[in-house]
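The values are calculated or read from the model by the stated rules, or taken from the named source; none is laboratory data. Note that the coordinates shown come from a computational prediction; the quantities given were computed from them, not determined experimentally. Positions of Cβ are generated from backbone atoms using ideal geometry, with glycine treated the same way; all protein chains shown enter the neighbour counts. All accessible areas refer to the heavy atoms of the entire protein, side chains included, with ligands and DNA or RNA removed. Shrake-Rupley method; radii C 1.70, N 1.55, O 1.52, S 1.80 Å.
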Amino acid sequence: MRTEYLIEKEVERVLDLLTYDNRLVLRVLLHTGIRISDALQLRPEQLKPNFWITEQKTGKRRQIGLPEPLLSDLLDSCGEHWVFPGADPRKPRTRQAVWKDVKRAAKLFRLPQNVAPHSFRKVYAVDLLKKYGDIDRVRRALNHGSETITAIYALADMQLKAKYKRRRNGNGRKKS
């Protein structure tokens with residue numbers, strides 16, 4: 001099942017229930033649009049307002065920027081070897097550990113959609129499209145090869161609204 005988009009209120013609720021370190025991970029995703037696996041591979045020496053990463057999934061290089069408050073929080077809490085250390089500080093936190101915390105938070109709020117860390121990449125894409133109105137700019141920011149894939153991300157809010165509308169209409173309520 002695909003992960004789904006979250007509206008702003010849902011993002012805030014999920015973030016509020018996460019552990020501090022996992023909240024930081026997801027704040028990175030919200031501000032950069034990078035994948036969870038790339039965020040967890042960040043090293044303390046990389047942390048600057050702007051820096052380059054090589055995406056694990058695609059092998060493509062990408063420049064990302066971090067706003068000062070987030071950068072400061074990351075520098076204050078990062079480990080010696082990894083920005084997000086795992087139980088063994090010589091290894092990074094696992095994707096599964098973050099995923100489990102996100103699932104727990106979403107379940108507590110009884111969110112109907114499938115929520116996972118990748119949902120926050122979709123939130124980033126929707127926000128970018130709203131801000132600039134340029135699907136190609138969003139495609140480049142996400143490092144997608146195709147605008148078709150980017151459209152799935154950037155239009156996720158419309159897909160979620162349509163899904164909610166279908167549910168309401170299917171539950172015997174009057175159609176508009």
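As a calculated quantity, the FRET efficiency between HIS81 and GLU147 at R0 = 35 Å, using C-beta atoms, amounts to about 0.40. Solvent-accessible area of HIS118, all protein chains in place: 60 Å² (probe radius 1.4 Å, heavy atoms, ligands and nucleic acids excluded). A full extension of the chain between LYS57 and ARG43 corresponds to an added length of 3.3 nm, given 0.36 nm per residue minus the alpha carbon distance.
If you run the Gaussian network model on the chain, springs between alpha carbon atoms under 10 Å, then out of LEU75, LEU29, LEU155 the most flexible one is LEU75. Here the contact order of the chain, divided by its residue count and restricted to Cα pairs under 8 Å and six or more residues apart, works out to 27 percent.
The alpha-carbon of LYS100 sits under 23 angstrom from the alpha-carbons of these lysines, leaving out residues fewer than 8 places away in its chain: LYS9, LYS57, LYS91, LYS122.
Potential lengthening of the chain between GLN159 and ASN50 amounts to 36.0 nm, from the contour at 0.36 nm per residue minus the alpha-carbon distance. Please name whichever of GLN63, ASN114, PRO89 sits farthest to the positive end of the charge dipole of segment 45-176, dipole taken about the Cα centre and charges placed at Cβ: Lys and Arg +1, Asp and Glu -1. Towards the positive end, the residue furthest out is ASN114.
Between amide H atoms placed 1.01 Å from N, distances below 5 Å from VAL83 occur with LEU42, ARG43, all of them 5 or more places distant or on a separate chain. SER146 exposes around 40 Å² of accessible area when a 1.4 Å probe is run over every protein chain in place.
The mean accessible area for residues of segment 47-115, using a 1.4 Å probe and ignoring ligands and nucleic acids, is 63 Å² per residue. In order along segment 10-15, the phi-based Karplus estimate (6.51 cos²θ - 1.76 cosθ + 1.60, θ = phi - 60°) of 3J(HN,Hα) comes to 5, 4, 4, 5, 5, 4 Hz; Gly and Pro are listed as x.
Of the solvent-accessible surface of segment 1-151, computed with a 1.4 Å probe over protein heavy atoms with every protein chain present, carbon and sulfur atoms account for 51 percent.
GNM on the chain, alpha-carbon springs under 10 angstrom: the most fluctuating residue among TRP52, TRP82, TRP99 is TRP52.
Expressed as a fraction of 2.2 N^0.38 Å, the value expected for a compact globular protein of N residues, the C-alpha radius of gyration of the chain is 1.08. Would you please classify the overall shape of segment 39-119 from the alpha carbon gyration tensor, given that a ≥ b ≥ c denote the square roots of the eigenvalues, rounded means a/c under 1.5, and beyond that prolate means a/b larger than b/c while oblate covers the rest? Here segment 39-119 falls in the prolate category. Heavy-atom accessible area with a 1.4 Å probe sorts LYS57, LYS103, largest first, into LYS57, LYS103.
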